[in-house]
Amino acid sequence: MKPTSEAELAGIIAESKTSFEIIGGGTRCIGHTKGDPLHTSGLNGISLYEPEALTLVAKAGTPLAEINALLAKNGQRLPFEPYDLCALHGHSGTSTIGGVVATNASGPRRISAGACRDSLIGVRFIDGLGRTLKNGGRVMKNVTGYDLVKLMAGSHGTLGVLTEVSFKLLPASEATATVHVKEHESTASATMAKAMASPFDVSGAAHANGATALRLEGLEGAVKYRSQSLAKLLNGDIAAFDWVAQRDITAFAGLEGDVWRISVKPSDGPTAAAALRKHGAQEVIFDWAGGLLWVLSPQGTDLRPALTAGHATLIRGTGIAFHPEPAPIAALSAALRQKFDPRAILNPNRMG
Amino acid sequence: MQMPTPSIDILARKAEIVARLRQALPASAVIDDPFETKAYECDALSAYRCPPLAVVLPASTEETAAALKACHDMGVPVVPRGSGTSLAGGALPTEDSVILGVARLNQVLETDYDNRFITVQSGRTNLSVTGAVEQDGYFYAPDPSSQLACAIAGNIAMNSGGAHCLKYGVTTNNLLGVKMVTMEGETIDIGGAHLDSAGYDLLGLICGSEGQLGVVTEATLRILAKPEGARPVLIGFESNEVAGACVSDIIRAGVLPVAIEFMDRPVIRAAENFTHAGYPDVEALLIIEVEGSKAEITEQLEKITSIAKQHNPVELRESQSTEESANIWKGRKAAFGAMGQINDYMCLDGTIPVSKLPETLRGITALSKQYGLDVGNVFHAGDGNMHPLILYDANKPGDLELCEAMGADILKLCVEVGGCLTGEHGVGVEKRELMHSQFSADDLDIQMAVKDVFDPKWLLNPAKVFPLDASAGRRQ
């Protein structure tokens, strides 16, 4: 099914006797669910764009590429740098903004500009009873009532079907520079911490293959000054770096094996990486100053037992996608889901 | 403003309830002397007062859990309180409630510069969080005006903002984790030193829930490296429209100042009389602050002033020294106090789309004439968070009611132009009944269903946030 209006979608859900698998562009679904395919790509279009207010509102099925192109034309961008995993998954498809929100997809700039949930300022969605609901709005400061906006971000379609999303935007950078430091993985987190502790406003901190990369963005003169200062501080070099490849983890595209996304305390990055390697991990790419590890491992290897803290999500592979949560948190989450979708018809079991 | 009728049963059981609390907590942590509980009868929305049944001041998470469990078992409502600086009545007691104050929970538990966080007990004041890390070159970004007094617990409950959130975000964007006690007395940890959650974003849900889902006793907060420097520029205009257009053009040009503050003539005059900051007598004044190294500051200020000059400012003053910067901020920071010198005032907090600024200011002026009450406007222009201050005379019968009616109309106007009722103060009791103007019955129901999950008996801070008619069935 592919409704073309919010009202039509609400009707479909209200009257449904079966469950649904909700699909935006089908490019970032993880986990396993069963149900009739329910496509949101028919809910398409930018509802409002006010560059002078740094605000964008779009229907959930709007292609991400369309939004990025419009913003770029106006010298602005989505602050959180959403990743595109098509290459990693080896499939094609049109990523939608609703899918970005449902998976809280956030790239390298997460460390300075926040995650998708931090830029998301409003949602409209249909709950499991077919009710049309809204929360937040189109203004960037809003504490009116409970913040269901953040709850919807990253809920993978299990609390409702998003129909419209609103964002706070940022100006695009006039200039970008990257400072490179050649070093072993074991010292990478310390270098990245030192960079983050500097006043130079680092907007990307990654490590792979014996090199740590630190990104600086902003006005021309500022980036020049800050990159030179940071290179001096860390004894590094200024050179080009492909932040899109870092964001999309294209290094793992075409390689056999499972891909994990592991969230840890940033300073734990190197020890976690070492433990994961002992457990079979073949490649580890650091992001978020060591707080995010992208890991390639042999198919079917569960890496979770190697982690003493943090959590792991299986992005590519057939195992259990979501990390089990402590009992009290899991109980609250299950109870919330019961309120939003009492019949459990929206992406049932997707998050476990 | 109405509050529900207190439970006669609970009032009659006061002695028994206090005795039970004294069993659960050290003697000094329970206050029931009517003379002493009077100190807790209101918060910064002091027009409304009601002494609570008793006050508990736990000194640990364990004591907090014991107090909540005891109240839960006895069916007694609990009103959590940080420092009592809420402008929305978020900590206003009811006669049949126990105030749970977190003031004794004020320790720093862990400072971790490698991972850029600090873990504090929730009663610690906002400014003292920065105080604990500034000697090492760090700061905690959210900076509500009450930061000298307000507690992190209240900041989390209300998702507080401040003048600098245009760049750094509000509390929810700087909160990494909490230790929270539920009404049933269960202690849970949500979030932590890592940057995202494994499942649902419960942390995002807790922040801004006005103390209705649990009592936060510890918070892990993101701290940031201090910028090399900061400098404000002051720009005066002959009309609000032109000032608004200047703000739009600056944002459109790709510069992102850390703060853009706006004051209109009544506030400029009051602030100038009060602080002698040297403000010009103009219709609208902007204070725009940028950060970075000397060269970066110059680069940004050049862009900003060249845009401002296209709008023919009456005055344009770039700070050249620390003293000048302090002077430029002095009047703005004292604006509320300065207005308070003139009269009693009610401070509103609606947010509007920045593009609707001139239209909204015209609407407020019209309402001011209609009601015969003066209004001053001071607000965070970069993000559209307005703070209209309505002047009234608390000693004049009927004036408070008139002021409340006018405030309600201003907030409805904010919603009509595409904004919201509250940008950073919270709903509390003050804007509770206005929630119908922003949300449908279903929108409110799903929010209340969240409270059903965390606090099925509706004992935590009841009669706040949701209109009384909407929550009636759940509260009984």
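All of the numbers you see were taken from the coordinates with simple rules; none came from a lab. These numbers were taken from a predicted model, which means no experiment stands behind them. Heads up, the Cβs are rebuilt from the backbone with ideal geometry, glycines too, and the neighbour counts pull from every protein chain shown.
Counting beta carbons within 10 Å around each of A:I238, B:I10, B:I152 and listing the fewest first gives the order A:I238, B:I10, B:I152.
Once the Cα atoms are used to define both axes, helix B:294-309 deviates from the longest principal axis of chain B by about 70 degrees. Over the Cα atoms of chain A, the radius of gyration divided by the Kirkwood radius equals 0.97; this is the Rg/Rh ratio. Panel order for B:M263, A:M196, by other beta carbons found within 10 Å of each beta carbon, from fewest to most: A:M196, B:M263. As a length-normalised measure over Cα pairs under 8 Å and 6 or more apart, the relative contact order of chain A settles at 19 percent.
Mind checking the log10 I(q)/I(0) for segment B:108-225 at q = 0.11, 0.15 Å⁻¹? Debye, one equal scatterer per Cα, no solvent, two decimals. For segment B:108-225 at q = 0.11, 0.15 Å⁻¹, log10 I(q)/I(0) is -0.31, -0.59. Stokes-Einstein, applied to the Kirkwood radius of chain B over Cα pairs at a viscosity of 0.692 mPa s and 37 °C, places its translational diffusion at 141 µm² s⁻¹. With θ taken as phi - 60° and the Karplus curve 6.51 cos²θ - 1.76 cosθ + 1.60 applied, the whole-hertz 3J(HN,Hα) list for segment B:194-208 is 7, 8, 9, 9, 6, x, 4, 7, 5, 4, x, 6, 5, 5, x Hz, x standing for glycine and proline.
Rounded to the nearest whole Hz, the Karplus-based 3J(HN,Hα) values (6.51 cos²θ - 1.76 cosθ + 1.60, θ = phi - 60°) of segment B:153-159 follow the sequence 4, x, 4, 5, 4, 9, 6, with x at glycine and proline. Distances between placed amide hydrogens fall under 5 Å for A:S47 paired with A:V57, A:A58, A:K59, all partners being 5 or more residues away or on another chain. This ranking places B:F117, B:F336, A:F322 by how few other beta-carbon atoms lie within 10 Å of each, fewest first, which gives A:F322, B:F336, B:F117.
Rounded to the nearest 20, the Cβ-based charge dipole of the protein assembly as shown about its Cα centre (Lys and Arg +1, Asp and Glu -1) stands at 1140 debye. Taken along the Cα-to-beta-carbon direction at a fixed 7 Å, the label points for B:T5 and B:R265 span 5.1 nm. Taking 10 °C and 1.306 mPa s as conditions, segment A:175-247 diffuses translationally at an estimated 133 µm²/s according to Stokes-Einstein applied to its Kirkwood radius (Cα pairs). With Cα atoms as the point set, segment A:77-138 shows a radius of gyration and Dmax of 13.7, 38 Å. Across segment A:263-279, rounded Karplus estimates of 3J(HN,Hα) from the backbone phi angles (6.51 cos²θ - 1.76 cosθ + 1.60, θ = phi - 60°) give 10, 9, 5, x, 6, 7, x, x, 5, 5, 4, 4, 5, 5, 4, 4, 7 Hz, Gly and Pro being marked x.
Take every DSSP beta bridge whose two residues both sit in segment A:1-82; close to 50 percent of them are antiparallel. Relative to the longest principal axis of the Cα atoms of chain B, the long axis of helix B:357-371 lies at roughly 70 degrees. Of interest is the spacing of the C-alpha centroids, which for segment A:8-27 and segment A:222-268 amounts to 38 Å. Relative to the longest principal axis of chain B, what angle (0 to 90°, nearest 10) does the C-alpha long axis of helix B:240-252 take? So the inclination is approximately 90 degrees.
Computed per residue of chain B from DSSP H runs no shorter than four, each worth -39500 (n - 2.57), the mean residue ellipticity at 222 nm is -11000 deg cm²/dmol. Annotation: amide H of A:S203 within the under-5 Å range of A:R215, A:L216, A:E217, sequence separation 5 or more or interchain, hydrogens built in the peptide plane. Rg/Rh for segment B:6-93 stands at 0.95; both radii use Cα atoms, and Rh follows the Kirkwood definition. Using the Cα coordinates of segment B:230-336, the gyration tensor eigenvalues translate into equivalent-ellipsoid semi-axes of 21, 17, 10 Å, sorted from longest to shortest. Convex hull of alpha carbon positions in the protein assembly as shown: directionally averaged projected area 32.5 nm². Summing charges over all other residues whose Cβ lies under 10 Å from the Cβ of A:G210, with Lys and Arg as +1 and Asp and Glu as -1, gives -1. When the listed pairs A:K168/A:K339; A:K59/A:K339; B:K226/B:K294; A:K194/A:K232 are checked against a 18 Å cut-off, the alpha-carbon distance exceeds it for A:K168/A:K339; A:K59/A:K339. Just to be sure I understand the curve: with the Debye formula and one point per C-alpha of segment B:343-434, what is log10 I(q)/I(0) at q = 0.16, 0.21, 0.23, 0.26 Å⁻¹? With no solvent term, the Cα-only Debye profile gives -0.57, -0.99, -1.18, -1.45.
Amide hydrogen proximity for B:Y392: with H placed 1.01 Å from N in the peptide plane, the residues at 5 or more positions away or on another chain lying under 5 Å are B:D344, B:Y345, B:M346.
DSSP beta bridges fully contained in segment B:8-104 are about 20 percent antiparallel. Would you kindly calculate the translational diffusion coefficient of segment A:249-316, applying Stokes-Einstein with the Kirkwood radius from alpha carbon pairs, for 37 °C and a viscosity of 0.692 mPa s, and quote it in µm² s⁻¹ without decimals? Diffusion coefficient, whole number: 284 µm²/s. Could you tell me which of rounded, prolate or oblate describes segment B:156-278, using a ≥ b ≥ c as the square roots of the eigenvalues of the alpha-carbon gyration tensor, with rounded for a/c under 1.5 and, failing that, prolate when a/b is larger than b/c and oblate otherwise? Here segment B:156-278 falls in the prolate category.
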